[in-house]
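The values are calculated or read from the model by the stated rules, or taken from the named source; none is laboratory data. From a predicted model like this one, the values you see are computed outputs, not experimental measurements. All Cβ positions, even for glycine, are placed from backbone atoms using ideal geometry, and neighbour counts span all protein chains on display.
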Amino acid sequence: MTEVAFPSYRPFMKYSRHRHAAAAVVLVAASLLSGCAAPAPEQAPAPAAPPFRPVASIREVMNSVIDPSVDEVWNAVKSVVDDGRLTEHTPVKDEDWAEVRRHALIVSEAANLLLMHDRPVAPPGAPSLAPGVELTPEEIRSLIDKNPDGWNFYVQEFQDSLKPALAAIDAKNAQALFDAGEKIDTTCENCHSTFWYPKAVASSR
Amino acid sequence: MMKMKITLVLLAAGALCAVQQAQAHHAFAAEYDVAKPVTLSGTLTRMEWVNPHGWIYMDTKEPDGTVKHWTVETSGPSQMSRRGLKKTDFVDGMSLQVKGYQGIKDQSLANGRTLVLTDGRSFYIGSVGGPNDGADK
């Protein structure tokens with residue numbers, strides 16, 4: 001059997017690689033050129049507005065959703081001196097813990113409602129609840145619009161303050177739930193003193 | 001009928017407590033009058049060691065001999081603990097003195113600033129946002 005040599009094999013491969021590379025360059029250049037020549041692609045459509053539809057004002061969310069539920073979280077653990085004795089109140093049964101957890105979740109999630117920018121501060125025409133001390137809804141809106149990052153920060157700080165409470169509830173640790181209550185109050189006050197009654201805070205210093 | 005009356009009274013009392021606690025997040029000056037400082041000397045009838053603010057219920061004797069029931073808001077229990085006050089310092093019927101400021105709308109409501117016990121110990125019990133009256137020094 002005659003051995004056939006293929007001396008041209010390697011040069012052919014080399015030539016072939018060069019040819020392919022050149023073709024690729026031409027193709028890329030062509031596509032770039034055609035891209036330049038083509039009309040600019042249409043701009044991506046603006047993102048659709050969030051499907052949220054605020055019904056209640058911030059004041060109403062506070063009074064109807066957050067306040068009643070955060071009171072349940074705070075009141076879940078307390079001590080009362082009455083009738084000649086000191087009585088400790090804590091959740092005892094699984095249902096008790098489930099109930100306080102329900103309220104902690106309501107508060108945690110309701111914080112998200114406060115982050116919806118289009119939500120009005122108060123019903124139309126509603127006045128300040130304490131003229132001269134607490135701002136009008138229009139003044140509060142102005143502060144929020146000037147400092148949206150601050151508003152978001154304080155609301156999320158408030159939301160985060162519920163995490164230790166939820167952890168305490170899941171661990172059924174009444175003392176930890178009681179201790180978590182102070183931080184929740186502090187975050188309420190941080191936001192209120194910035195956006196609701198900054199004048200009152202300034203005058204007390 | 002009597003049972004129904006008792007139930008209604010209890011419901012009303014509960015509603016009153018709920019109203020007082022629900023007011024706790026307004027500005028200090030929206031609820032209390034810094035131009036009306038009060039010094040209350042009387043007897044403890046109830047104390048709630050609860051977040052976000054504690055509540056002292058006490059009776060004082062008025063000049064005409066009648067008894068007035070006061071509700072006194074305090075700072076949070078953790079803050080009072082850090083200042084050395086304990087819930088076990090409160091005993092139903094004990095004598096105590098509270099200095100603070102009277103409520104604007106509710107004349108039987110006060111915001112406590114200083115609590116003095118019969119053993120002479122004195123504690124700052126003021127809430128955040130109160131007047132700069134030196135009570136916390």
Test each condition in (1) loosely packed, with under 13 Cβ neighbours inside 10 Å; (2) within 20 Å of B:Ala30 (Cβ to Cβ) for A:Ile66 and report the one that comes out false.
(1)
Here are the criteria: (1) under 27 Å from B:Ala29 (Cα atoms); (2) of a type in the set (Gly, Ala, Ser); (3) in contact with a helix residue (DSSP H, G or I) (Cβ under 8 Å, 6 or more places away or on another chain). Tell me which single one A:Ala176 does not satisfy.
(1)
May I ask you to verify whether B:Thr74 is modelled with pLDDT of 95 or more, under 23 Å from A:Glu189 (Cα atoms) and more than 10 Å from chain A (Cβ to nearest Cβ)?
yes
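Just checking, how many residues over the stretch A:26-59 are modelled with pLDDT of 90 or more, surrounded by 10 or more Cβ atoms within 10 Å (Cβ to Cβ) and away from chain B (no Cβ under 14 Å)?
4
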Filter the stretch B:77-102 down to residues that are within 16 Å of A:Phe178 (Cβ to Cβ) and of a type in the set (D, E, K, R) and give me whichever is nearest to the other protein chains (Cβ to nearest Cβ).
B:Lys87
Here's a check for you: in the stretch B:29-44, which residue that is over 12 Å from the mean Cα position of the chain (by Cα) and aliphatic (A, V, I, L, M) is surrounded by the fewest Cβ atoms within 10 Å (Cβ to Cβ)?
B:Ala35
Does A:Ile184 count as buried (at least 19 other Cβ atoms within 10 Å of the Cβ), away from chain B (no Cβ under 14 Å) and outside any loop (DSSP other than H, G, I, E, B)?
no
Cβ-Cβ under 6 Å pairs, at least 6 apart or on other chains, the stretch A:76-91 side at the interface with chain B (Cβ under 7 Å from one of its Cβ atoms), far side part of a loop (DSSP other than H, G, I, E, B):
A:Lys78/B:Val50; A:Val81/B:Phe90; A:Val81/B:Asp92; A:Gly84/B:Asp92
Filtering the stretch A:169-181 down to residues that are within 12 Å of chain B (Cβ to nearest Cβ) and surrounded by fewer than 21 Cβ atoms within 10 Å (Cβ to Cβ) yields A:Gln175, A:Asp179
Any chance the stretch A:99-112 includes a residue that's more than 14 Å from chain B (Cβ to nearest Cβ), closer than 30 Å to B:Pro131 by Cβ and touching a helix residue (DSSP H, G or I) at 6+ places or on another chain (Cβ under 8 Å)?
no
Which one of A:Leu129, A:Leu166, A:Leu115 is of a type outside the set (Val, Ile, Thr), modelled with pLDDT of 95 or more and surrounded by 15 or more Cβ atoms within 10 Å (Cβ to Cβ)?
A:Leu166
Quick one: is A:Leu135 in contact with a Ser or Thr (Cβ under 8 Å, 6 or more places away or on another chain), surrounded by 16 or more Cβ atoms within 10 Å (Cβ to Cβ) and assigned to a helix (DSSP H, G or I)?
no
Right, A:Val121: within 14 Å of chain B (Cβ to nearest Cβ) and surrounded by 18 or more Cβ atoms within 10 Å (Cβ to Cβ) or not?
no
Would you confirm, using the coordinates I've provided, whether A:Tyr197 is more than 10 Å from chain B (Cβ to nearest Cβ), buried (at least 18 other Cβ atoms within 10 Å of the Cβ) and under 30 Å from B:Lys137 (Cβ atoms)?
no
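Could you tell me whether any residue of the stretch B:41-60 is of a type in the set (D, E, K, R) and within 9 Å of another protein chain (Cβ to nearest Cβ)?
Within the stretch B:41-60 (the criterion being of a type in the set (D, E, K, R) and within 9 Å of another protein chain (Cβ to nearest Cβ)), the answer is yes, since at least one residue qualifies.
Which strands (runs of 3 or more DSSP E) does the stretch B:56-137 wholly contain that include 2 or more residues that are under 24 Å from B:Glu31 (Cβ atoms) and not aromatic (Phe, Trp, Tyr)?
B:67-73, B:95-103, B:109-117
State whether one or more residues within the stretch A:138-159 are more than 22 Å from the chain's Cα centre (by Cα), assigned to a helix (DSSP H, G or I) and within 21 Å of B:Pro52 (Cα to Cα).
no
So how many residues does the stretch B:103-114 have that are more than 12 Å from B:Val72 (Cβ to Cβ) and either under 11 Å from the mean Cα position of the chain (by Cα) or facing chain A (nearest Cβ under 10 Å) (or both)?
Number of matching residues: 1.
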Quickly run through the stretch A:70-107 and pick out the residues that are more than 21 Å from A:Gln175 (Cβ to Cβ) and either among the small types (Gly, Ala, Ser) or in a loop (DSSP other than H, G, I, E, B) (or both).
A:Asp83, A:Gly84
